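Novice: Submitted below is the structure of interest, expressed as structure tokens.
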Amino acid sequence: MNILQINSSARREASHSTRLANRIVERLRDADPDATLTVRDLNHAPHPVLDEVALGALFTPADQRTPEQAARVAMDDGLIAEIQAADVVVLGVPMYNFGVPSQLKNWIDAISRAGVTFRYTEKGPEGLLKGKAVYVALTRGGKYRNTPADTQVPYLQTVLGFLGMTDVHYVYAEGLALGAAAEESAIASAYEQIEEAVAFANERIEEAIAA
Ligand SMILES: Cc1cc2nc3c(=O)[nH]c(=O)nc-3n(C[C@H](O)[C@H](O)[C@H](O)COP(=O)(O)O)c2cc1C
């Protein structure tokens, strides 16, 4: 099993979303100690924004690209190869100003490529990143689960589904800014949600190893 962990918090040390993503990975590896892990920290290694230069490079045929354009496309190619190789994707996702961190948006922009990770057919769009389990650790200062203010989950559900990733498990740590007791209970709840989310996956892994 290949696990790809994507961290998107701007905080390197104290990030709850990264810690929860780490915990998800730890529990998955308990069931499959041979699992490989690739960690991409988007604030440690920021990916460039999808701007006019990037679009120009992407829409120039490969054999006509300048060395700079080829290098820019190769950066996105690297992220696409990582997710294509992954069986399991674990995302650490803080809420920033009611959206996903801009670095995570840059990553999504990089991996969303027509003809490679999705395509249009006569029957409509088809996601090409199929057969992957996705775990998303969401951290928020407030509480927005199942309300219109939770723009993150509908967005992630839509874009991940569009790319073919429909087996998505969400772990919520909400109310982290509402005092120490609320923070503690949010993290405890998130740990419980992780156990539930990985239990089913781990049963499948153990069966596959035993077979
Ligand atoms: C710049 C910034 C914007 C934030 N915006 C929101 C927000 O819109 N809603 C919310 O509930 N929490 C918001 N928060 C709180 C974070 O979601 C919360 O601190 C979370 O734990 C951050 O994730 P991390 O612990 O992985 O760094 C914001 C925090 C920062 C630093």
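Every number in this text was worked out from the coordinates using simple rules, so none of it is lab data. Just so it is clear, the structure is predicted and the values come from calculations on it, not from any experiment. Positions of Cβ are backbone-derived with ideal geometry, glycine not excepted, and every protein chain shown enters the neighbour counts.
Novice: Would any residue of the range 9-41 have its amide N under 20 Å from a label point 7 Å out along Cα→Cβ of residue 75? List them or say none.
Specialist: Answer for the range 9-41: 9-11, 39-41.
Novice: What is the extension gain from residue 119 to residue 182, computed as 0.36 nm multiplied by their sequence separation minus the C-alpha to C-alpha distance, in nm to one decimal?
Specialist: Answer, rounded to one decimal: 18.3 nm.
Novice: DSSP loop (so not H, G, I, E, B), at most 15 other Cβ within 10 Å: list which trypsin sites (Lys or Arg not before Pro) in the range 111-211 pass both filters.
Specialist: 123, 130, 145
Novice: Taking Cα atoms, how many degrees apart are the long axis of helix 180-210 and the longest axis of the chain, rounded to 10 and kept between 0 and 90?
Specialist: The angle comes out at about 70 degrees.
Novice: Kindly provide the GluC sites (Glu not before Pro) of the range 1-89 that DSSP labels as loop, not H, G, I, E or B, and whose Cβ sees at most 16 other Cβ atoms within 10 Å.
Specialist: For GluC sites (Glu not before Pro) across the range 1-89 that sit outside H, G, I, E and B with at most 16 neighbouring Cβ atoms in 10 Å, the list reads 13.
Novice: If you consider only alpha-carbon coordinates, what radius of gyration and Dmax does the range 26-93 have, in Å?
Specialist: Spelled out, the Cα radius of gyration and Dmax of the range 26-93 are 15.8, 48 Å.
Novice: With the contact rule set at Cα under 8 Å and sequence spacing of 6 or more, what percent relative contact order holds for the range 108-211?
Specialist: 26
Novice: What do the square roots of 5 times the Cα gyration tensor eigenvalues come to for the range 61-200, in whole Å, largest first, as semi-axes of the equivalent ellipsoid?
Specialist: Semi-axes (√(5λ), whole Å): 32, 17, 14.
Novice: So, one more: Enumerate the amide H contacts of residue 170 below 5 Å, restricted to partners 5 or more residues apart or on another chain; note that Pro and chain-start residues carry no placed amide H.
Specialist: So residue 170 has HN proximity to 136.
Novice: What's the local net charge at residue 99, with K and R +1, D and E -1, over the other residues with C-beta under 13 Å away?
Specialist: +1
Novice: Do you know the relative contact order of the chain, to the nearest whole percent, from alpha carbon pairs under 8 angstrom that are 6+ apart?
Specialist: Contact order relative to length: 23 percent.
Novice: Taking a quarter of the surface of the Cα convex hull of the range 153-211, what do you get in nm²?
Specialist: About 5.4 nm², averaged over all directions.
Novice: May I pose another question? Name the residues whose placed amide hydrogens come within less than 5 Å of the amide hydrogen of residue 142, ignoring near sequence neighbours (fewer than 5 apart) on the same chain.
Specialist: 175, 176, 177
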